[in-house]
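A short worksheet on the structure shown next.
Read-outs: derived from the displayed coordinates by stated rules, not from any lab. Owing to the predicted nature of the structure, the values given are computational and were not obtained by experimental measurement. Note that we place each Cβ from the backbone using ideal geometry, even for glycine, and neighbour counts take in every protein chain shown.
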Amino acid sequence: MSFDFDVGARLKEVRSKRGLSQRELAKRASVTNSTISLIEQNRVSPSVSSLKKVLDGLPMSMEAFFASDEPQQQQVFYRAAELPDLGQGCVVKRLVGYNHEQRAISLLHETYPSACDTGPEMMVAEGDHAGILITGELEVTVDGQVRTLTEGDAYYICALQPYRIRNISTRPCIVVTGTSGLKF
């Protein structure tokens, strides 16, 4: 890597290609809006760990970020270790196809450890959100309706419906989910 690599311009290019605002990237990376702005303006030089945190919000590897151009052929197969974790708190959300620029769906493998939940506040998704429970037992609240789901049960939450998901079992819950209209 040469010393004249423009980190700010590259971050802005990658963020723009993925259709993300500075605010959205900051939210995904759990940093402030001003952090993204300052990096893009080259007013701060991020540490390796800070840059990695920002790139995890895209998600993008450091190698891809510093490559002169992105690969032409899209990846088809993914090993579990290659799926970036987009979860927050105790929830692990691993995204399939993260590096497809034209990705039309978001497919996630979610893990909720015992007693883990999406938080005390109801969440609202911008797109429709559906999931099928693979293992465990989840309590799902949608618009005031509460249901306990077990293995094989599923849910479908329309855009803008408030919801909360909570693991009420003693073992981890695994859910495969899909969302429309969202790009993680």
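The radius of gyration of the Cα set in the range 32-184, together with its Dmax, comes out at 17.4, 51 angstrom. The stretch between Ala115 and Ser47, if pulled fully straight at 0.36 nm per residue, gains 21.0 nm over its current Cα-Cα span. For the range 7-66, the pair-distance distribution built from all alpha carbon pairs, in bins 10 Å wide starting at 0, is 25, 68, 7 percent. Here the calculated FRET efficiency for Leu107 and Phe5, from their Cβ-Cβ distance with R0 = 22 Å, stands at 0.10, rounded to the nearest 0.05. For the range 93-133, the set of GluC sites (Glu not before Pro) satisfying both a DSSP loop assignment and a count of at most 16 other C-beta atoms within 10 Å is given as Glu101, Glu121, Glu126.
The H on the amide N of Gly127, modeled in the peptide plane, is under 5 Å from the matching H of Leu160, each at least 5 residues off or on a different chain.
Rounded to the nearest 20, the size of the Cβ-charge dipole of the chain about its Cα centre is 300 debye, with Lys and Arg at +1 and Asp and Glu at -1. Our note on the geometry: Cα centres of the range 108-123 and the range 6-67, 26 Å apart.
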